[in-house]
Amino acid sequence: MQRIIPVVPGTGVTLGIGGAPGLGTAGSAWDVAFSNDTLQTFMFEADGGNEILHIMDRVLGSILTEFGAPGLQAGQFTFLHSVVLDSKGNLYTGETINGRRVQKFTHIACNNGNGQGNGNGNCS
């Protein structure tokens, strides 16, 4: 099945460092990766137009949560371009142009405070 999932309709041009005019890089869907569970429950979408990483429900296409902002500090993005997960669920993002870096976001398994979680988001 194929379908179009609008991420952030109307996304404009990403500005460069200090608000300098961007490169005409409009759009909010730059790259996508899927969670490692057998159902691929989540999509991780690199939104280079807004410098945000969206975590989306794969089936519904809705944004569940997001993080990031324009900038050069840890957890911020400058020309967010790619996203990938490793076998342990760690998330890596790649930035281009003025960003020129890779950031790693370490997967922390849900453990309900007592080590009982299964790492799949289920803390029961």
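Here are the numbers:
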| item | result |
| --- | --- |
| Any hit, the range 85-105, residues being hydrophobic (A, V, I, L, M, F, W, C), on the phi < 0 side of the Ramachandran plot and modelled with pLDDT under 95 | no |
| Selection status of Leu15, open to solvent by 20 Å² or more (accessible area, probe 1.4 Å) and either at pLDDT 90 or above or assigned to a strand (DSSP E or B) (or both) | no |
| Conditions (1) open to solvent by less than 80 Å² (accessible area, probe 1.4 Å); (2) touching a Leu at 6+ places or on another chain (Cβ under 9 Å); number of the one not met by Thr106 | (1) |
| Filter pass, Glu45 being assigned to a strand (DSSP E or B), surrounded by fewer than 18 Cβ atoms within 10 Å (Cβ to Cβ) and modelled with pLDDT of 85 or more | no |
| Of all residues making up the range 64-101, the number that are farther than 17 Å from His54 by Cα and open to solvent by 80 Å² or more (accessible area, probe 1.4 Å) | 5 |
| One residue from Ser82, Ser87 being in contact (Cβ under 8 Å) with a residue 40 or more places away in the chain and part of a loop (DSSP other than H, G, I, E, B) | Ser87 |
| Residue count for the range 51-63, restricted to those that are under 14 Å from Pro6 (Cα atoms), open to solvent by less than 30 Å² (accessible area, probe 1.4 Å) and part of a strand (DSSP E or B) | 2 |
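The values are calculated or read from the model by the stated rules, or taken from the named source; none is laboratory data. Just so you know, these numbers come straight off a predicted model, no measurement behind them. We place every Cβ from the backbone using ideal geometry, glycine too, and count neighbours over all the protein chains shown. SASA here: full protein model, heavy atoms, side chains in, ligands and nucleic acids out. Shrake-Rupley method; radii C 1.70, N 1.55, O 1.52, S 1.80 Å.
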